[in-house]
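Colleague: Supplied in structure tokens, the structure appears directly below.
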Amino acid sequence: MSFSRIAGSLMRHAVMLALSIVALLPLYFMAVNALKTEVGYAGSPLGLPDPATIENFARVLGQSSIARWIFNSGVLTISSVGLALLVSSLAAYAFARIPFPGADVLFRMVSALMAVPVIAVIIPLFVFMVSVRLVNTFPAAILVYVGFLIPYKVFFLTAFFRQLPASILEAAILDGCGHLASLRRVVLPLSAPALITMAVVSIIWVWNELLIALILLQSDSSRTLMVGLTVFQDEFRVNVPVTMAGLVISVIPILFVYVFGIRYFVAGLLGGALHGE
């Protein structure tokens with residue numbers, strides 16, 4: 001191996017190490033400060049906790065509304081991601097396997113919606129939800145979440161469905177399967193890595209989303225965990241360790257989801273990359 005290739009490899013590893021440190025530093029800051037007292041944090045924000053304490057977690061879990069906020073986030077996340085996956089799978093199958101007039105134009109229009117930022121439409125959405133009296137209700141947030149999730153899922157799943165062997169679908173049709181049966185019995189099982197990839201990414205986004213939930217879910221009984229933590233942070237605005245403890249609690253469910261789906265997540269990304277080649 002030449003010196004230039006060794007130097008290039010070392011440089012790439014150094015860059016990846018630096019990026020990993022940058023990505024992990026906020027998690028480190030959050031975790032170590034969640035175990036500190038206020039005095040310990042003021043003395044050394046980046047140092048290890050000395051002494052460590054779990055009092056901050058006790059204060060967070062002692063809040064009467066924390067269980068409700070976690071429940072609300074769970075309901076919204078599961079409902080939004082599940083509904084978006086259902087609609088997107090049907091649409092992606094139609095784009096990928098059912099020729100119909102205007103399919104390319106419609107697919108480009110749906111894909112273009114990925115470029116629309118939440119902040120650009122949140123005011124019209126709020127006005128509309130007020131007019132139909134859906135503010136402070138879960139259907140309002142679920143519909144908005146699904147609307148933003150569908151373009152990404154349709155774009156990704158259409159590409160994945162198109163790479164499936166046509167012979168398998170033809171065999172299913174010869175066996176008497178219609179389009180819905182082919183989708184349920186053949187396409188979806190073969191597309192498990194792509195579906196789980198989309199589910200993991202979407203769960204992380206909906207669980208951590210703040211702006212939509214903050215605007216549409218304003219009552220304490222309908223708040224999500226992220227919105228509740230902003231109020232909680234205001235209550236304990238001079239107590240950073242307590243706030244960090246709340247954030248650690250909010251991250252734990254996402255870590256379980258990521259650990260469960262990482263194998264499928266990588267497989268889905270590799271499948272998309274191979275298709276792109």
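Just so you know, all these numbers are worked out from the coordinates, no wet-lab data involved. Just so we're clear, the structure is a prediction, and the values are computed from it rather than from any experiment. So basically every Cβ, Gly included, is an ideal-geometry build from the backbone, and we count neighbours across all protein chains shown.
Colleague: Along the charge dipole of the stretch 63-276, which of L180, G246, S65 sits closest to the positive end, that is, farthest toward it, with unit charges on the beta carbon of Lys, Arg, Asp and Glu (+1, +1, -1, -1)?
Modeller: Of L180, G246, S65, it is L180.
Colleague: Let me ask you something else. Strictly greater than 17 Å: what percent of every Cα pair in the stretch 1-53 meets that?
Modeller: 53 percent
Colleague: In nm, what is the difference between 0.36 nm times the number of residues separating I54 and R185 and their Cα-Cα distance?
Modeller: Result for the pair: 42.2 nm of gain on full extension.
Colleague: Explain nothing, just the number: dipole magnitude of the chain about its Cα centre with +1 on each Lys and Arg Cβ and -1 on each Asp and Glu Cβ, in debye rounded to the nearest 20.
Modeller: 400 debye
Colleague: Would you calculate a helix-derived [θ] at 222 nm for the chain, using -39,500 (n - 2.57) for each DSSP H run of n ≥ 4 and dividing by the full residue count, to the nearest 500?
Modeller: Result for the chain: -25000 deg cm²/dmol, rounded to the nearest 500.
Colleague: Still on this structure: How far, in degrees from 0 to 90, does helix 225-235 lean away from the longest principal axis of the Cα atoms of the chain, to the nearest 10?
Modeller: 20 degrees
Colleague: Follow-up question, since we're still on this one. Any idea what angle helix 240-276 forms with the longest principal axis of the chain, computed on alpha-carbon atoms, 0 to 90 degrees, nearest 10?
Modeller: Taking the Cα atoms of the chain, the angle to 240-276 is about 20 degrees.
Colleague: Another one. Could you tell me which trypsin sites (Lys or Arg not before Pro) in the stretch 101-176 are loop residues by DSSP with no more than 10 other beta carbons within 10 angstrom of their beta carbon?
Modeller: Answer in residue order: R133.
Colleague: I would also like to ask the following. May I ask which residue of S222, A103, I203 lies farthest towards the positive end of the charge dipole of the chain, with charges of +1 (Lys, Arg) and -1 (Asp, Glu) on Cβ and the Cα centre as origin?
Modeller: Result: A103, furthest along the dipole toward the positive end.
Colleague: Another question about this same structure. Hey, got a sec? Which trypsin sites (Lys or Arg not before Pro) in the stretch 1-102 land in a DSSP loop and have at most 15 other Cβ atoms within 10 Å?
Modeller: none
Colleague: On to the next question. For the chain, find the longest principal axis of its Cα atoms and tell me its angle to the long axis of helix 192-208, 0 to 90°, nearest 10.
Modeller: So the helix axis and the longest Cα principal axis differ by about 40 degrees.
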